[in-house]
Each structure stands twice: as structure tokens, then as C-alpha cells.
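Single-structure report; data block below.
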Amino acid sequence: MPQQCLLGNLPGFVHSHERLSAAGGSVLVARDWAWTGGLMDAFAPALYFGQPIVGFRGRFDPDRAFA
């Protein structure tokens, strides 16, 4: 996918992250970053807006993510 696809994904990202501009906020990308859903719907938009990204290796665990 070309990088221009990112611009088409930004409105959906903004609407689903209401507190994107909150001071000290970060974006948890719990999806695989090599998959389009993780890369273009979460990782790249977070970078575009200069937000810190939180990720971890392994299977997603909601208790671990909340902690």
C-alpha cells in the first residue's frame, strides 16, 4: 500500500481516539505491526501525530495491558 493510504485512515483514527491530544497520553498498539490493521490503523497514525507508542512482545493479555 502506498504511504498516501495513511491520509485516508487518519479521520477514523482521530474519531476513535477522542483523547489523542491529552497531555501525557500514549497509544497502545496491541495488533501485529506487520499486518495492515496494526500498521496503517494504529502504528502509523500514532507516529503521524507524534504520540508515544506502547507495545510488547507476545500474545495480547488485557490484564497486562491495563497494568
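The values are calculated or read from the model by the stated rules, or taken from the named source; none is laboratory data. Computed from a prediction, not measured in an experiment: that's the story for all the values here. Note: ideal-geometry Cβ built from the backbone for every residue, glycine included; neighbour counts use all protein chains shown. Areas reflect the complete protein model, heavy atoms only, side chains present, ligands, DNA and RNA absent. Shrake-Rupley method; radii C 1.70, N 1.55, O 1.52, S 1.80 Å.
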Given (1) modelled with pLDDT of 75 or more; (2) out of contact with any Gly (no Cβ under 6 Å at 6 or more places or on another chain), index of the condition Leu20 fails: (1)
Any pair with Cβ under 8 angstrom, 6 or more apart, that starts in the range 32-43 at a residue that is free of Cβ contacts under 8 Å to residues at least 12 places away in the same chain and ends at one that is aromatic (Phe, Trp, Tyr) and in a loop (DSSP other than H, G, I, E, B): Leu39/Trp33
Within the range 45-55, tally of residues that are open to solvent by 70 Å² or more (accessible area, probe 1.4 Å), part of a loop (DSSP other than H, G, I, E, B) and out of contact with any Ser or Thr (no Cβ under 7 Å at 6 or more places or on another chain): 1
Count of residues meeting criterion [surrounded by 10 or more Cβ atoms within 10 Å (Cβ to Cβ) and over 15 Å from Phe49 (Cα atoms)] in the range 2-16: 1
Residue pairs meeting the criteria (Cβ under 8 Å; at least 6 apart or on separate chains; first within 13 Å of Leu39 (Cα to Cα) and hydrophobic (A, V, I, L, M, F, W, C), in the range 2-17; second open to solvent by 60 Å² or more (accessible area, probe 1.4 Å) and part of a helix (DSSP H, G or I)): Leu6/Tyr48; Leu10/Tyr48; Phe13/Asp41
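In the range 31-64, which residues are farther than 21 Å from Pro2 by Cα, hydrophobic (A, V, I, L, M, F, W, C) and at pLDDT 75 or above?
Selection gives Ile53, Val54, Phe60.
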